[in-house]
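Structure first, then comments.
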Amino acid sequence: MTSDEGSEFETRNSKLETDLKWMRHALTLAARAAEEGEVPVGAVLVKDDQIVGEGWNRPIAGCDPTAHAEIAALRQAATRLGNYRLLDTTLYVTLEPCVMCAGAIIHARVARVVFGARDPKTGAAGSVFDTLLSDRHNHRIICESGLLLEPCGAILRGFFAARRKAQRSGVEVDASLDEDSVDEGQGC
Ligand SMILES: [Zn+2]
């Protein structure tokens, strides 16, 4: 290995370590959603290795169909930074963004999106729609998937399994929850 290859390897490794650190944080936010009875998805927006916004899914508690984890993270960051453009940021999210969130991410000019599990029902980063990846927008986003795929998918599967069990045992469960089943078989 040449010294150039060696330093490239180190750079890649430290980037992966950073990505893992923030995706683990997103997973803790997803767990908060689960504790609140919401579909467990968490998101964190990072700039210069600092959190500028974070959130978890809470449309039921907030009576707000737009209260997805990504939107919460973007809103918090925009308020904190005093700017609706969130340049040079990376969004880490445990589940592939939907069309609404992909649109908001593009409007915010987020530079990079890293997500864990794919969403074969509503995913807008290639699974169902290509919104996040389309070159017809005037802003291009770097999109990477499959980071911590297993825990990102497992938290969703665990949540829905517990919900089905509760339904079978006659416990009333919020019928407004849609099951976003997760495909863990692929990554882009
Ligand atoms: Zn969404």
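Bear in mind that the values in this text are calculations on the coordinates, not laboratory data. The shown structure was predicted, so the numbers you read here are calculated from the model rather than taken from an experiment. Here the Cβ positions follow ideal geometry from the backbone for every residue, glycine too, while neighbour counts run over all protein chains shown.
Against the list (1) within 24 Å of Thr18 (Cβ to Cβ); (2) buried (at least 18 other Cβ atoms within 10 Å of the Cβ), the condition Ile142 fails is (2). One residue stands out among those in region 44-74 that are within 11 Å of the ligand (Cβ to nearest atom) and β-branched (Val, Ile, Thr): the one that is surrounded by the most Cβ atoms within 10 Å (Cβ to Cβ), which is Ile71. Residues in region 110-119 that are within 15 Å of the ligand (Cβ to nearest atom) and assigned to a loop (DSSP other than H, G, I, E, B) were compared, and the one that is surrounded by the fewest Cβ atoms within 10 Å (Cβ to Cβ) is Asp119.
Ala33 meets the conditions (1) surrounded by fewer than 23 Cβ atoms within 10 Å (Cβ to Cβ); (2) within 16 Å of the ligand (Cβ to nearest atom) in every case but one. The failed one is (1).
Just one residue in the set Leu27, Leu81 is within 17 Å of Phe160 (Cα to Cα), away from the ligand (no atom under 16 Å from the Cβ) and among the aliphatic types (A, V, I, L, M); that residue is Leu27.
Looking only at region 87-107, residues that are more than 13 Å from the ligand (Cβ to nearest atom) and either surrounded by 24 or more Cβ atoms within 10 Å (Cβ to Cβ) or in contact (Cβ under 8 Å) with a residue 40 or more places away in the chain (or both) come to 4 in all.
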